[in-house]
Amino acid sequence: MKKFKYTILGLIVASMTLTSCDHYLDINENPNNIHAEAITPTLLFPGAVAQTYRTQATWMNRFGGLMMNSYAGNSYSFGSPFGNEYTLNVDSSFYPQIWDGLYRNVSNFVAIEKFDNSTHKYDNYLAAAKVMKAFYMQTIVDLYGDAPYSEAFMGQANATPKYDNDEEIYRSLILGINDAITIIDNANAAALELGATDIVFQGNMDNWRRLANTVKLRMLVRMSKVTGSMATFRDQQLQTLSGEDFVSSDVLVNPGYSAANDDQQNPFYGYYVRNSSNSQLQNNTLFTASEHVATCLNGNPYNMTDNVYQKFNGIIDGRRGRMFSLITYNGLSVVKGVRQGATPGQPGAPTDLTTVSRFGNGWIFGSGSPSTTAQLTSVGSAKSGVIMSLAEAKFLLAEAAVRYPSIFSNGQGVFEEGIKASFDYLYAATADYTAYKNAIQTKVGLGWTGTNDNKIEAIMTQKWLATAGINPTESFIDYNRTGFPITPMATTSAKPNKPYRLMYPSSEYVANSANVPQISNAQCFTKNQTTPFWNQN
């Protein structure tokens, strides 16, 4: 039977839990009287992973790509696209799919934690569930700050959970990762192997341990500016990572993606490109490259004078044709984008649709180039998703080497490995990587040169390019923490800066009104007590 059955089981679990009065889903009775004890971790885990990744590949990808000015909208066919994103109209209806989607599916990781494991039969499931819970709950804290946690995921036992301090959620998640590592290190002979139910590592627990270390490091590096007891905790936990192993390849997920039907497609492809019937989706017409990313990838060929572009002068990025389609414009083969906020007739809006670049084959197809749209749909639908890229992990280690040199080393080496991993994922030519690496060596803020601050800028710039099309929300969160890479606002922006946090969704104000903090739009754009704790300094 195809592996995709586990995704369908995850959907069944989600639909079952949606019948309860609590949207922090728990495993309860459904109308068909399927008993909760029958939904074992072997059934829960693959569906939980696949469905949580679906939120990452769609709404999180969209949000991060627009916030980081990598994507723009086709204003010729859609009037004034992405009005809320460009004007930064952040309210309770602004990307609720991220909160709701992550909570809905993290609940299934929690259900695995709660499942009777007195015989240690499900130790491996427990360890992997703790890692995935931390991976996605971190995103909730990083985008929203305080959140339901200790009383969440209890179903009808508590439909109105309190909001926990975001510092304590972080601490709990990191300690949970430590527990996962301990479980893996002390492998119990009674534990079931994950095997085919593991749609990420196919049961390789050493790889789960590497991911656990990497997620833990991501959380600790996120806390680089904290002070007091959390700084002490951070420093203690960083020491435990000395000499440890981290992910050594792209962390992929594939429950059996195919073009058999829309539900079985790779969610990125099925959201941005074509459906399983090979019909072009509206999003395929709507999303374009932004003028900003195009200028950076093309090496600033039109001499834009903004300081942000000077470090890119003359540096043609060999990944550009894999990230976005190349078109001929003014006699050059380039990525051509739309200035965020610009409409036809305004500066930054191309004169016709044929001069706009769309998402490229490196993201949607993989190796090679499709010869027909049917081939595109067949291969694109079956392509594995990326939970965490190797490039992201390498740039994380590079930053750790800059900030904590007594624990981590080889900053330049892992930085260059991160760039190489990005080229490799996109199937860009090795010769293009070598040329690019040599060209950026002396470019402050783009290559490994200058002060530590210059190196942090270079790391964040390269992470921005590498996470585009994969998990650009990570780059946005890092941008809020470091200020890099410098990212222009849309021309229609009504705010002086990008939001430091999002507002809680309307589902919270309806279902948990007694506990949800009252956050104003203005508070989202200033650093205050509601800002995620690691960014209040």
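Details
- N298 being closer than 24 Å to I419 by Cβ and of a type in the set (S, T, N, Q): yes
- Residues (of a type outside the set (G, A, S), over 19 Å from R222 (Cα atoms) and without any contact (Cβ under 8 Å) to a residue 60 or more places away in the chain) located in the stretch 165-183: D179, I181, T182
- A382 satisfies every condition listed in (1) in contact (Cβ under 8 Å) with a residue 60 or more places away in the chain; (2) touching a strand residue (DSSP E or B) at 6+ places or on another chain (Cβ under 6 Å) except (2).
- Listing of strands (runs of 3 or more DSSP E) fully contained in the stretch 296-390 that carry 3 or more residues being within 26 Å of K463 (Cβ to Cβ) and open to solvent by less than 10 Å² (accessible area, probe 1.4 Å): 385-388
- Yes/no for I199 being β-branched (V, I, T), in a loop (DSSP other than H, G, I, E, B) and surrounded by 15 or more Cβ atoms within 10 Å (Cβ to Cβ): yes
- Selection within the stretch 487-525 - polar (S, T, N, Q), open to solvent by less than 20 Å² (accessible area, probe 1.4 Å) and under 24 Å from the mean Cα position of the chain (by Cα): T487
- Some residue of the stretch 317-327 being hydrophobic (A, V, I, L, M, F, W, C) and over 30 Å from I199 (Cβ atoms): yes
- All positions within the stretch 237-264 that are closer than 22 Å to A393 by Cβ and free of Cβ contacts under 8 Å to residues at least 24 places away in the same chain: G243
- Subset of the stretch 236-287 (residues that are more than 20 Å from the chain's Cα centre (by Cα), under 30 Å from I407 (Cβ atoms) and not aliphatic (A, V, I, L, M)): Q236, Q237, Q239, T240, S242, G243, E244, D245
The values are calculated or read from the model by the stated rules, or taken from the named source; none is laboratory data. Being a predicted model, the structure only gives us computed values, none of them experimental. Virtual Cβ from ideal backbone geometry, glycine too; neighbours counted across all protein chains shown. Note: areas computed on protein heavy atoms with side chains; ligands, DNA, RNA excluded. Shrake-Rupley method; radii C 1.70, N 1.55, O 1.52, S 1.80 Å.
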